[in-house]
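Taking it in order: structure first as structure tokens, then the write-up.
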Amino acid sequence: MKIYTKTGDKGETSIIGGRRLPKHHPRIEAYGTVDELIAWIGWLRGADQHCVTVDELIAIQASLMSCCSIISTDPSAKVPEGINVDDPSVLERSIDRMEEHLPALTSFILPGGHPNAANSNIARCVCRRAERALLRLNEKEKVDSSVIKYLNRLSDYLFVLSRCLTYEAEKEEVKWIPRKK
């Protein structure tokens with residue numbers, strides 16, 4: 001099978017159900033942003049860290065691939081058999097486990113401190129952008145609420161993961177202190 005089809009050369013792509021949409025359509029933007037998030041999770045999967053397992057990150061990537069399939073399905077079509085978004089409670093349990101080893105959060109913190117933590121924060125920002133894209137799409141065409149809920153919880157997970165990665169690297173969290181004039 002060839003990777004290139006040439007069917008998108010004029011700026012359109014097909015979604016599940018057969019409809020063709022411009023590549024700048026909100027539906028394409030939404031699942032394209034989730035696809036970007038999958039790549040960032042892949043970067044985290046390759047990072048040297050012990051906060052979460054590789055299997056956990058692979059499961060998140062798989063769930064995000066399901067999210068892409070759901071988002072890329074025309075509202076008039078049926079989502080392919082076997083495509084489901086994981087229950088966000090899996091993410092919540094991992095968040096709780098990581099937070100057991102972290103100090104209480106008392107202020108906003110500035111991202112950075114260690115490349116792994118910084119990249120987890122970038123993934124969090126991409127996750128939030130994907131969520132916003134879905135919410136914009138939802139104003140025009142119905143979006144499966146389980147996808148929105150999963151992305152919302154995943155951004156929390158990525159924030160806590162960034163904190164865990166900061167502490168694992170023995171770096172200090174930099175608190176945001178507003179400057180007084």
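Against the numbered list (1) among the acidic types (Asp, Glu); (2) touching a residue at least 24 places away in the same chain (Cβ under 8 Å); (3) within 17 Å of Tyr157 (Cα to Cα), Asp55 comes up short only at (2). Summed over the stretch 106-159, residues that are in contact with a Phe, Trp or Tyr (Cβ under 6 Å, 6 or more places away or on another chain) and either without any contact (Cβ under 8 Å) to a residue 12 or more places away in the chain or acidic (Asp, Glu) (or both) total 0.
Against the numbered list (1) β-branched (Val, Ile, Thr); (2) closer than 21 Å to Arg45 by Cβ; (3) touching a Gly at 6+ places or on another chain (Cβ under 7 Å), Thr73 comes up short only at (2). Scanning the stretch 110-129 for residues that are assigned to a loop (DSSP other than H, G, I, E, B) and closer than 22 Å to Pro178 by Cβ gives Pro111, Gly112, Gly113. Looking only at the stretch 160-177, residues that are in contact (Cβ under 8 Å) with a residue 60 or more places away in the chain and either farther than 18 Å from Ser94 by Cβ or among the aromatic types (Phe, Trp, Tyr) (or both) come to 6 in all. Within this structure, Gly8 fails the test of being on the phi > 0 side of the Ramachandran plot and either loosely packed, with under 13 Cβ neighbours inside 10 Å or not hydrophobic (A, V, I, L, M, F, W, C) (or both).
Looking at the structure I just gave you, is Thr53 among the polar types (S, T, N, Q) and surrounded by fewer than 18 Cβ atoms within 10 Å (Cβ to Cβ)? Taking the combined requirement at face value, the residue satisfies it. For Asn119, the stated conditions hold: it is within 23 Å of Val52 (Cα to Cα), surrounded by 13 or more Cβ atoms within 10 Å (Cβ to Cβ) and of a type outside the set (D, E, K, R).
No value in this document is a laboratory result; all are computed from the given coordinates. What you are looking at is a predicted structure, and each value in this text was computed from that prediction instead of being measured. Here Cβ is always computed from backbone atoms with ideal geometry, including for glycine, and neighbour counts include all displayed protein chains.
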